[in-house]
Amino acid sequence: VLAVPVLFKQALENMEMEEGKSVSLRCELTKTDATVVWKKGEATLQASAKYEMKQKGTVAELVIHNAEPGDA
């Protein structure tokens, strides 16, 4: 049985954000409910008051609350 790889249907795009506001980053995958890991550089982000991860079907979303320049 050949496994079909999960690919990006719609990749992340660069966004400008306003300091102190929330920003939402979304990507769309070719496979429903694929495991998504969000990273900043080499560090894996964990759900917290700052980072909120959502996934519905093929769409994965990361919400960054109280955005600051270091979140770039």
Checklist entry - Can you tell me which residues in the range 13-34 are over 24 Å from ALA67 (Cβ atoms), of a type in the set (Val, Ile, Thr) and open to solvent by less than 80 Å² (accessible area, probe 1.4 Å)? => result THR30
Checklist outcome for this item: Checked the range 35-63 for anything of a type in the set (D, E, K, R) and either under 16 Å from PHE8 (Cα atoms) or open to solvent by 80 Å² or more (accessible area, probe 1.4 Å) (or both); matches are LYS39, LYS40, GLU42, LYS54, LYS56, GLU61
Checklist outcome for this item: Output for Cβ contacts, cut-off 7 Å, separation at least six or different chains, first residue under 21 Å from LYS21 (Cβ atoms) in the range 50-61, second open to solvent by less than 70 Å² (accessible area, probe 1.4 Å) and among the polar types (S, T, N, Q), reads GLU61/SER24
Checklist entry - Among the listed residues GLU13, GLU42, GLU68, GLU52, which satisfies the condition of being among the acidic types (Asp, Glu) and at pLDDT 95 or above? => result GLU52
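The values are calculated or read from the model by the stated rules, or taken from the named source; none is laboratory data. Treat the numbers as computed from the prediction; the structure is a model and nothing was measured. Every residue, glycine among them, receives a Cβ derived from its backbone with ideal geometry; neighbour counts consider all protein chains shown. Note: areas computed on protein heavy atoms with side chains; ligands, DNA, RNA excluded. Shrake-Rupley method; radii C 1.70, N 1.55, O 1.52, S 1.80 Å.
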